[in-house]
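The values are calculated or read from the model by the stated rules, or taken from the named source; none is laboratory data. Small disclaimer: the values here were computed from a predicted structure and weren't measured. Here the Cβ positions follow ideal geometry from the backbone for every residue, glycine too, while neighbour counts run over all protein chains shown. Each accessible area value is taken on the protein alone, full model and side chains, heavy atoms only, with ligands, DNA and RNA left out. Shrake-Rupley method; radii C 1.70, N 1.55, O 1.52, S 1.80 Å.
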Amino acid sequence: MGEKLLKVENLCIDYKVKDGYLSAVNNVNFELRRGEILAIVGESGCGKSTVAHSLLQLLAGGNAKVTGKAIFNDRNLLELKRQEIEKVRGREIGMIFQNPLDSLNPVYTTGWQVAEGIELDGVSKEEAWKRVIELYKDVKMPDAESRAKSFPHELSGGMRQRVMIAMMLARRPELLIADEPTTALDVTIEAQILRIIKALRDDFDTAVMMITHNFGLVAEVADFVVVMYAGHVVETGTVFDIFDEPKHPYTSLLMKALPRIKKTEGRLQTIDGSVPRITGDFVGCRFANRCPYATEQCRTQEPPLVQVSGTHSYSCFREGGDK
């Protein structure tokens, strides 16, 4: 087990809206160690990306109220001043954003953009360019030297994602945050990107936080899993805990919604209802309006945290979980 790198404690994020505060993230807790891949999984809008962006103080709008702690290398990332967090971005924590085309400047070559970050560490332009070519080869970019001289629009989606990974690795960060890194990629390219991420973890002992709604990706690469719903963590555990013995009804329903190989399995199961919009004081379980097992207690009381083992816990009144 690697050294503890990141510990998030009681993280709450509320956005100022017309009728008060909208609860986007509520009392989130998890840990990440060096060399581990942690997957944060849940439906779109459950707060996964909001958690990731808050760690680097990248929340949009400027109207978010953030409380709690995010201890990284003995510093609370949420309390760092602007100049301090700018030194963390890229150098200590790298982030691969969901759409690489939006993250790359269309008027500069991709290699120039990667080299720019390397030069921040006092490296000469010649050495930086050599490092770019090495990075492109590390991420299995075909014809690395030619692609480094290409503009973003000249590359495929998979190549652009490789550029983003190379850019984030240019300064050898200790933590890599991958926000939906395989969105809009075909399954072949998706598999290649996942192999690259696992190889980076193995070669450099980099910790990886992967944000995804795809349980297939989780099964492929993750060591630990955090399941979120409506801004709240409903279950955490190792990948084996979650896939072999899911306890929370939401986790079980997500698992049942996974596509099956056989046509005889019938239609995919869906989760009825929609994620609630939570403003002001909220009482009860956030999943109660969609849960097939919900009782009056679920709607009026906060569910307890049940510790199944040293690695596995869930938040539910249902005894024994969703058996």
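On a full-extension model of 0.36 nm per residue, what is the gain between Val107 and Lys69, subtracting their alpha-carbon distance, rounded to one decimal in nm?
Once the chain is fully extended between Val107 and Lys69, it gains 9.8 nm.
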For the chain, longest principal axis from Cα atoms; helix 187-204 axis from its Cα atoms; angle between them, nearest 10 degrees, is 80 degrees
With Cα coordinates, the longest principal axis of the chain makes an angle with the long axis of helix 125-138, in degrees rounded to 10, of 50 degrees
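Of all alpha-carbon pairs in the chain, indicate the percentage at a distance above 31 angstrom. Working shown, then result.
Values: 18074 of 52003 pairs.
Summing the P(r) of the chain above 31 Å gives 35 percent of all pairs.
Expected output is a single nm value to one decimal: the length gained when fully extending between Arg171 and Asp281, i.e. 0.36 nm times separation in residues minus the C-alpha distance. What is it?
Numbers: separation 110, 0.36 × 110 = 39.60 nm, distance 4.30 nm.
Stretched fully, the Arg171-Asp281 segment lengthens by 35.3 nm.
Which loop-located chymotrypsin sites (Phe, Trp or Tyr not before Pro) does the stretch 77-120 contain, where loop means any DSSP state but H, G, I, E or B and the Cβ has at most 16 other Cβ atoms within 10 Å?
Working: sites: Phe97, Tyr108, Trp112; in loops: Phe97, Tyr108.
Answer in residue order: Tyr108.
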Computed curve, the stretch 1-126, Cα-only Debye sum without solvent term, log₁₀ I(q)/I(0) at 0.15 Å⁻¹, is -0.86
Taking a straight Cα-to-Cα line shorter than 25 Å from Lys140, and setting aside same-chain lysines fewer than 8 residues away, one finds Lys125, Lys130, Lys149, Lys198
Cα gyration tensor of the stretch 177-235 diagonalised, 5x eigenvalues square-rooted, in angstrom largest first, produces semi-axes 20, 15, 9
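State the extension gain, in nm to one decimal, for the chain segment bounded by Thr238 and Phe204, taking 0.36 nm per residue of separation less the distance between their alpha-carbons. Write down the numbers at each step before the final one.
Details: separation 34, 0.36 × 34 = 12.24 nm, distance 2.19 nm.
Between Thr238 and Phe204, full extension yields an extra 10.1 nm.
Normalising by the residue count of the chain, find the relative contact order in percent from Cα pairs under 8 Å and 6+ residues apart. Working shown, then result.
Details: 584 pairs, mean separation 67.8, N = 323.
With pairs under 8 Å counted, the relative contact order is 21 percent.
Which is the longest part of the chain that has none of the GluC sites (Glu not before Pro) sitting in a DSSP loop with at most 13 other Cβ atoms within 10 Å? It would help to have the intermediate numbers written out before the result.
Numbers: sites that count: Glu3, Glu319.
In the chain, the maximal stretch lacking such sites is 4-318.
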With all protein chains present, the stretch 98-189 has a carbon and sulfur share of its accessible area (1.4 Å probe) in percent of 51 percent
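Counting only heavy atoms of protein chains, what accessible area per residue, in Å², does the chain have with a probe of 1.4 Å?
Per-residue value: 50 Å².
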With Cα springs under 10 Å, the Gaussian network model of the chain assigns the largest mean-square fluctuation among Thr206, Thr236, Thr183 to Thr183
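List the relative contact order of the stretch 110-238 as a percent without decimals, with contacts defined as Cα pairs under 8 Å and 6+ residues apart. It would help to have the intermediate numbers written out before the result.
Values: 131 pairs, mean separation 25.8, N = 129.
Computed value for the stretch 110-238: 20 percent relative contact order.
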The helix 157-169 Cα axis meets the longest alpha-carbon principal axis of the chain at an angle in degrees, between 0 and 90 and rounded to 10, of 80 degrees
